[in-house]
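Accompanying notes for the structure given below.
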Amino acid sequence: MTTRSSGFTLIELLVVVAIIGILSAVGVVSYSGYVSATKKKAAENTLYQLALAQTEFFTDNRIYKVDANSNCPASAATTTEIATALLGGTGTIPEDFHFCADNVNNFQITATSTSASGLNCVIILNSNNQLNKAGCL
(Lines give C-alpha, C1' and ligand atoms only; values in the text may rest on other atoms or scores of the structure.)
Protein backbone atom coordinates (compact mmCIF):
# COMPACT_ATOMS: atom_id res chain seq x y z
CA MET A 1 0.00 0.00 0.00
CA THR A 2 1.61 3.20 -1.18
CA THR A 3 0.45 6.67 -0.31
CA ARG A 4 0.88 9.62 -2.60
CA SER A 5 2.15 12.91 -1.32
CA SER A 6 0.38 16.00 -2.62
CA GLY A 7 3.35 18.38 -2.09
CA PHE A 8 6.13 19.62 -4.37
CA THR A 9 9.54 18.04 -4.56
CA LEU A 10 12.68 19.96 -3.67
CA ILE A 11 13.79 19.94 -7.31
CA GLU A 12 10.52 21.53 -8.45
CA LEU A 13 10.83 24.27 -5.86
CA LEU A 14 14.45 24.99 -6.82
CA VAL A 15 13.50 25.27 -10.51
CA VAL A 16 10.71 27.73 -9.71
CA VAL A 17 13.03 29.85 -7.52
CA ALA A 18 15.68 29.87 -10.29
CA ILE A 19 13.13 30.97 -12.90
CA ILE A 20 11.86 33.77 -10.64
CA GLY A 21 15.47 34.87 -10.02
CA ILE A 22 16.24 35.05 -13.73
CA LEU A 23 13.06 36.99 -14.48
CA SER A 24 13.72 39.47 -11.68
CA ALA A 25 17.32 40.02 -12.85
CA VAL A 26 16.13 40.82 -16.36
CA GLY A 27 13.41 43.08 -14.96
CA VAL A 28 15.80 45.08 -12.76
CA VAL A 29 18.18 45.72 -15.66
CA SER A 30 15.33 46.82 -17.92
CA TYR A 31 13.85 49.03 -15.21
CA SER A 32 17.14 50.83 -14.53
CA GLY A 33 17.50 51.47 -18.27
CA TYR A 34 14.03 52.98 -18.39
CA VAL A 35 14.76 55.17 -15.37
CA SER A 36 17.98 56.60 -16.82
CA ALA A 37 16.32 57.21 -20.20
CA THR A 38 13.49 59.03 -18.45
CA LYS A 39 15.93 61.25 -16.55
CA LYS A 40 17.70 62.20 -19.78
CA LYS A 41 14.42 62.91 -21.55
CA ALA A 42 13.27 65.11 -18.65
CA ALA A 43 16.52 67.10 -18.93
CA GLU A 44 16.01 67.50 -22.70
CA ASN A 45 12.45 68.72 -22.19
CA THR A 46 13.67 71.20 -19.59
CA LEU A 47 16.31 72.46 -22.03
CA TYR A 48 13.62 73.13 -24.63
CA GLN A 49 11.48 74.86 -21.99
CA LEU A 50 14.45 77.03 -21.01
CA ALA A 51 15.13 77.85 -24.68
CA LEU A 52 11.58 79.12 -25.03
CA ALA A 53 12.03 81.13 -21.85
CA GLN A 54 15.30 82.55 -23.27
CA THR A 55 13.41 83.76 -26.33
CA GLU A 56 10.77 85.39 -24.16
CA PHE A 57 13.49 86.96 -21.96
CA PHE A 58 15.19 88.32 -25.10
CA THR A 59 11.90 89.78 -26.32
CA ASP A 60 11.42 91.62 -23.03
CA ASN A 61 15.03 92.72 -22.39
CA ARG A 62 16.79 92.65 -25.81
CA ILE A 63 19.51 90.49 -24.25
CA TYR A 64 19.78 86.80 -23.45
CA LYS A 65 19.96 85.62 -19.85
CA VAL A 66 23.41 84.10 -19.35
CA ASP A 67 25.47 83.16 -16.32
CA ALA A 68 28.26 85.50 -15.26
CA ASN A 69 30.99 82.90 -15.69
CA SER A 70 31.67 82.29 -19.38
CA ASN A 71 32.85 78.72 -18.75
CA CYS A 72 29.32 77.77 -17.74
CA PRO A 73 29.95 75.45 -14.82
CA ALA A 74 26.53 73.99 -14.15
CA SER A 75 25.79 73.92 -10.43
CA ALA A 76 22.88 74.10 -8.03
CA ALA A 77 23.35 77.89 -7.82
CA THR A 78 23.19 78.41 -11.60
CA THR A 79 20.20 76.08 -11.81
CA THR A 80 18.34 78.10 -9.17
CA GLU A 81 19.30 81.36 -10.89
CA ILE A 82 18.02 80.14 -14.25
CA ALA A 83 14.80 78.80 -12.73
CA THR A 84 14.17 82.14 -11.04
CA ALA A 85 15.13 84.40 -13.95
CA LEU A 86 13.65 82.45 -16.84
CA LEU A 87 10.85 80.43 -15.31
CA GLY A 88 9.87 82.79 -12.52
CA GLY A 89 10.70 80.13 -9.95
CA THR A 90 7.60 78.17 -10.95
CA GLY A 91 9.15 75.70 -13.40
CA THR A 92 10.04 72.19 -12.48
CA ILE A 93 13.75 71.57 -12.90
CA PRO A 94 14.84 67.91 -12.67
CA GLU A 95 17.02 67.28 -9.63
CA ASP A 96 19.23 64.84 -11.55
CA PHE A 97 20.75 67.62 -13.68
CA HIS A 98 22.27 71.07 -13.13
CA PHE A 99 21.73 73.74 -15.75
CA CYS A 100 23.63 76.83 -16.91
CA ALA A 101 23.26 79.34 -19.75
CA ASP A 102 26.27 80.52 -21.74
CA ASN A 103 26.63 83.28 -24.33
CA VAL A 104 27.96 81.30 -27.28
CA ASN A 105 26.36 82.32 -30.58
CA ASN A 106 23.39 84.00 -28.88
CA PHE A 107 22.94 81.42 -26.12
CA GLN A 108 23.72 77.86 -25.20
CA ILE A 109 22.09 76.00 -22.33
CA THR A 110 23.95 73.10 -20.73
CA ALA A 111 22.55 70.32 -18.56
CA THR A 112 25.11 68.34 -16.57
CA SER A 113 24.10 65.27 -14.61
CA THR A 114 24.66 65.39 -10.88
CA SER A 115 26.79 62.80 -9.14
CA ALA A 116 23.76 61.56 -7.20
CA SER A 117 21.89 60.69 -10.41
CA GLY A 118 24.27 57.88 -11.32
CA LEU A 119 24.48 59.22 -14.88
CA ASN A 120 27.53 60.64 -16.64
CA CYS A 121 25.85 62.88 -19.15
CA VAL A 122 26.12 66.40 -20.57
CA ILE A 123 23.36 67.69 -22.85
CA ILE A 124 23.81 71.00 -24.69
CA LEU A 125 21.09 72.94 -26.51
CA ASN A 126 22.10 75.94 -28.63
CA SER A 127 20.00 78.82 -29.89
CA ASN A 128 19.29 76.94 -33.14
CA ASN A 129 17.61 74.13 -31.13
CA GLN A 130 20.42 71.73 -31.94
CA LEU A 131 20.81 69.17 -29.20
CA ASN A 132 24.23 67.62 -28.48
CA LYS A 133 24.73 64.81 -26.00
CA ALA A 134 28.09 63.84 -24.53
CA GLY A 135 28.52 60.72 -22.42
CA CYS A 136 24.84 59.85 -22.71
CA LEU A 137 24.19 56.27 -23.69
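Magnitude of the charge dipole for the chain, about its Cα centre and with charges confined to Cβ atoms of Lys, Arg (+1) and Asp, Glu (-1), is about 360 debye. For residue 22, the accessible surface of its heavy atoms amounts to roughly 110 Å² (probe 1.4 Å, protein chains only, rounded to the nearest 10).
Couplings for the stretch 73-79, taken from phi via the Karplus curve 6.51 cos²θ - 1.76 cosθ + 1.60 with θ = phi - 60°, read x, 5, 8, 5, 5, 5, 5 Hz in order; Gly and Pro are left as x.
With an 8 Å cut-off on Cα pairs and a minimum separation of 6 or more residues, tell me the relative contact order of the chain in percent.
18
What the phi angles of the stretch 14-30 give under the Karplus curve with 6.51, -1.76 and 1.60, with θ = phi - 60°, is a coupling list of 5, 5, 5, 5, 5, 5, 4, x, 5, 5, 5, 5, 5, x, 5, 5, 5 Hz, glycine and proline written as x. Excluding same-chain neighbours fewer than eight residues apart, the aspartates and glutamates reachable from residue 40 by a Cα-Cα span under 13 Å are 95, 96.
The values are calculated or read from the model by the stated rules, or taken from the named source; none is laboratory data. Quick caveat: nothing in here was measured; it's all calculated off a predicted structure. Cβ sites come from the backbone with ideal geometry, for glycine too, and all protein chains shown count toward neighbours. Calculation scope for accessible area: heavy atoms of the full protein, side chains included, ligands and nucleic acids excluded. Shrake-Rupley method; radii C 1.70, N 1.55, O 1.52, S 1.80 Å.
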